[in-house]
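These notes concern the structure reproduced below.
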Amino acid sequence: GTTLISYFNGQAGKFINMTPDCLNLYWDSGRGPGHFSGSVNGFDATGTATFPSHRFFYGKTDDPDEALCSFLVKEGIYGYFCDPYSDDQDEPGRAFSRGKRDVKELSERDLEFYQRHRENLEFGKAYRDFTGSEWLGMYPRDPPRHKIWQADFFGQEHHVVTKETLFIEQPPWEDLPRISPKPRNEGDDIPLKLYRSPESTLNITLRAVSCAPRIFEMRNFISHVEADHILMLTNRTHELHRSSTGDGNNPSEHVLQLDESLLRYRQYDEHPEIGTKGSIAEPLQMVHYDPGQEYTAHHDFGYNQMSHPNQPSRSINVLLYLNDVEQGGETSFPRWLNAETAGGLDVKPEKGKAVLFYMLLPYGNSDDLTQYAALPVIKGEKWMSNLWIWDPYKG
């Protein structure tokens, strides 16, 4: 069938500072002074979710009223370049610079950075001509190192079997060990077996609910006991840091096809190629919504600094639902591609369910279609948690 055009016309906006100066980005609402969006160092970039016809401008940090470069967001154009050194200011939607500068003013180091951005711009044009999509990265960028599950059709399933069975009873606090940096051996018994499901293994099913963006739903990913335990930790401040309890093994590593050592502090001989001993995951972020509260459509990926080797970026998001919401509170992906509806893909929050989606495409570009929202809670409350995985490591 034919892919339907979404009712939602939001998109990413990436604003590249191609000068050596630190600049401030402002959103121009047309009413009064610009609204500060963020500071950007020389030859770096920032971004935000935006809409066609929105206007932004880069201003000097010491003179916010003076617009050095102005941008008019246009449909399907995500990258906007502040390049006062270029003779070509006429490419539709890209930039308008006030005052031409001489590239000879740049130092040798700055000239190298500037040329890299020009090369990235040229690559972006070729990428757009070949794929029909915008390039949001910095060329060259390696493909993601971590596993990406196939989503070739709606309903496609992958099955993962793990010995990390679900808890059906809360263990006493004194029995909870802290995470050990030493991995368990294959033949070792799982800890706290007395409080877990009597089954010897846990079968986790990843079901593709969207192919573009690549989204999977996992029912009963955690037990109600485990969800209640996480909620209890959030409400007991003096025990919060004990959320890093257990032995370092959990179902996430199996679903994500990651070595468990990547999700904790590592020994010196564990994955030295990563270049850091820290976890590639951010700490769990707890989110709570009361009736009427929502989070409008946004992206979770960021825009790398040129100086960072390997361009570390958020790559995977795992959403954990910790309670049943009486009404509303769906996680909505308004820009998913399908042939049946122009509306969003709305995932119902159900206790113990997890949703996994990939913010990086297999060839390294950020996936603009992963823009998502938390719809308003109508009745009851909503508790959930985000687990963000970085690639290749946490920046």
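Values as computed for the structure displayed
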read-out: Cross-link partners of residue 382 among aspartates and glutamates (Cα-Cα below 19 Å; sequence separation of 8 or more within a chain); value: 217, 226, 228, 290, 294, 324, 326, 330, 346, 350
read-out: Computed helical MRE - 222 nm, the chain, DSSP H runs ≥ 4 contributing -39500 (n - 2.57), nearest 500; value: -3000 deg cm²/dmol
read-out: Above-threshold pairs, the threshold being 22 Å between Cα atoms, out of 163/277; 348/379; 60/394; 14/74; value: 163/277; 60/394
read-out: Length-normalised contact order for the chain - Cα pairs under 8 Å, 6+ apart - percent; value: 18 percent
read-out: Residue-span extension gain [residue 294 to residue 87] - 0.36 nm each, minus C-alpha spacing; value: 70.1 nm
read-out: GluC sites (Glu not before Pro) within the range 99-190: DSSP coil, no more than 15 neighbouring Cβ in 10 Å; value: 169, 186
read-out: Contour minus Cα-Cα distance for residue 130 and residue 348 (0.36 nm per residue); value: 74.9 nm
read-out: Value of D in µm² per second that Stokes-Einstein yields for the range 1-72, Kirkwood Rh from Cα pairs, at 4 °C (1.567 mPa s); value: 98 µm²/s
read-out: Loop-located trypsin sites (Lys or Arg not before Pro) in the range 1-61 whose Cβ has at most 16 other Cβ within 10 Å (DSSP); value: 31
read-out: Alpha carbon convex hull of the chain, volume per residue in cubic angstrom; value: 171 Å³
read-out: By average C-beta atoms within 10 angstrom, highest first, the peptides 17-27, 292-302, 70-80; value: 17-27, 70-80, 292-302
read-out: Heavy-atom accessible surface of the chain: percent carbon and sulfur, 1.4 Å; value: 50 percent
read-out: Selected from 197, 307, 223 as most flexible by GNM, with the chain as the system and alpha-carbon contacts under 10 Å; value: 307
read-out: Rounded to 10°, Cα long-axis angle of helix 224-234 versus longest principal axis of the chain; value: 60 degrees
read-out: Residue-normalised accessible area of the range 187-227, given per residue in Å² at a 1.4 Å probe; value: 49 Å²
read-out: The chain: angle of helix 108-131 to the longest principal axis, Cα-based, in degrees nearest 10; value: 70 degrees
read-out: Mean-position separation - Cα centroids, the range 320-366 and the range 1-23, in angstrom; value: 20 Å
read-out: About the Cα centre, charge dipole magnitude for the range 268-348 (Lys/Arg +1, Asp/Glu -1 at Cβ), debye; value: 300 debye
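The values are calculated or read from the model by the stated rules, or taken from the named source; none is laboratory data. What you see is a predicted model, and the numbers here were worked out from it, not measured in a lab. With ideal geometry, Cβ positions are generated from the backbone for all residues, glycine too; neighbour counts draw on all protein chains shown. To get the accessible areas, we keep the full protein, side chains included, count just its heavy atoms, and leave off ligands, DNA and RNA. Shrake-Rupley method; radii C 1.70, N 1.55, O 1.52, S 1.80 Å.
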